[in-house]
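My questions will all concern the structure given below.
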């Protein structure tokens, strides 16, 4: 699949929580996004491949293979690709410091933006109390989320027939589970505290499937979101300005012929 002639180019691009190997992965949308976006450096911020799901049953359609091939092709064309494994692709944590097809595998990274500000890049699961201290509960929650995704497909088919707009049961359930975790782990605050320990200006992470940029903890917090439902990515412009791109919303707006608003408030002044 060739790149779009009008592809936008950025200084850096951050993707997380793609979950290749699961039926919930929006691989076709991701392929379309990758066709329309280029970057000097591409960070894969964990849970790109879902080893948990693949261990329980093999699922790998052609579109998922196409995503891998597209990433490798970008690497061959000169994009620097840095892979920071998460908890679902933790099998790659045995290969820190290795290169696969031009892809660097690292535990954490410090990204220096064009404006000189420095950002800790990390998946973030080590700050999730459930993943760290109750792995059986994490697996249980993952199974419940997958079931919710399946139910969500049928639920929204019925809602469309009745004339109701799309509503995400699975995203609602995920946020409810994560909110239960946050009162113990305070995920965002913990990640920000880790960034402060590294003496950087901000942190870019994934893991909780919720794309957002803010400075509530005295430094920039940027979360990439996911490619299961929200289909979001973070990009850095040539001047060091960051933006969240919501590709699902963008493609819906384009299909309806309406205005496409990509820019979200900047995370760091």
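Every read-out reported here was derived from the displayed coordinates using simple, explicitly stated rules and does not represent laboratory data. Since this is a predicted model, take the numbers as computed values, not measurements. Glycine gets a Cβ as well: all are built from the backbone with ideal geometry, and neighbour counts include every protein chain shown.
Testing the spin-label approximation: label points 7 Å from Cα along Cα→Cβ at residue 35 and residue 23. State their distance in nm.
It is 2.6 nm.
Something else now. To the nearest 0.05, what FRET efficiency results for residue 99 and residue 8 with a Förster distance of 30 Å applied to their C-beta separation? Don't jump to the answer; show the numbers that get you there.
Working: r = 27 Å, r/R0 = 0.91.
Here the calculated transfer efficiency is 0.65.
Can you tell me what the convex hull of the Cα atoms of the range 57-112 projects to on average, as an area in nm²? Each step should come with its number before you reach the end.
On the way: hull surface 19.4 nm².
Approximately 4.9 nm², given one-decimal rounding.
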